[in-house]
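The values are calculated or read from the model by the stated rules, or taken from the named source; none is laboratory data. Just so it is clear, the model here is predicted, and its values are computed rather than measured. For neighbour counting, all protein chains shown are included, and Cβ atoms are generated from backbone atoms with ideal geometry for every residue, glycine included.
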Amino acid sequence: MDISKVFNELKNSQKEIVDENKEVFKFDEKKFDNYKIGVINNLKENSIYEVYLYVQYNKEVVGGLLLKEFKNVIDATGYFEELLDLANSGNLEQILLKNKVA
């Protein structure tokens, strides 16, 4: 796996995260040899949960991957756990494939 190639493909498919009033509800990050994968669950002002995955490689961050919004904490937590399993795998190619389908 060529990490830089996969990272560049992820960069081209990332979703923009709007910087508005929100707080981090839940966060986790996994470190691998030369990259990190993290999952964030933000609580927005209107009680909407925003859950997504990000990848950091060579001090660059690609965010908004597999972004979904939820109206309740149970669904948001379930999706957070699903993305956390994906992050724990460390498989950037799998993340890229899932992101293309999403």
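A few remarks follow.
- Residue in the stretch 46-53 that is of a type in the set (A, V, I, L, M), modelled with pLDDT under 95 and more than 24 Å from residue 96 (Cβ to Cβ) present: yes
- Criterion violated by residue 10 - all others in (1) modelled with pLDDT of 95 or more; (2) within 12 Å of the chain's Cα centre (by Cα); (3) closer than 20 Å to residue 102 by Cβ satisfied: (1)
- The sole residue among 30, 68 that is in contact with a Phe, Trp or Tyr (Cβ under 9 Å, 6 or more places away or on another chain), surrounded by fewer than 17 Cβ atoms within 10 Å (Cβ to Cβ) and either within 20 Å of residue 88 (Cβ to Cβ) or among the hydrophobic types (A, V, I, L, M, F, W, C) (or both) is 68.
- Flag for residue 97 being at pLDDT below 95, over 20 Å from residue 16 (Cβ atoms) and surrounded by fewer than 19 Cβ atoms within 10 Å (Cβ to Cβ): yes
- Residue match in the stretch 52-68 (condition: free of Cβ contacts under 8 Å to residues at least 60 places away in the same chain, in contact with a strand residue (DSSP E or B) (Cβ under 7 Å, 6 or more places away or on another chain) and over 20 Å from residue 7 (Cβ atoms)): yes
- So residue 71, is it within 15 Å of the chain's Cα centre (by Cα) and modelled with pLDDT of 95 or more: no
- Exclusive hit being charged (D, E, K, R), closer than 15 Å to residue 3 by Cβ and part of a helix (DSSP H, G or I), set 93, 81: 93
- The listed residues are 6, 39, 61, 18, and the only one of them that is in contact with an Asp or Glu (Cβ under 7 Å, 6 or more places away or on another chain) and either surrounded by fewer than 17 Cβ atoms within 10 Å (Cβ to Cβ) or assigned to a helix (DSSP H, G or I) (or both) turns out to be 6.
- Scanning the stretch 1-36 for residues that are out of contact with any helix residue (DSSP H, G or I) (no Cβ under 7 Å at 6 or more places or on another chain) and basic (Lys, Arg) yields 5, 11, 15, 22, 31, 36.
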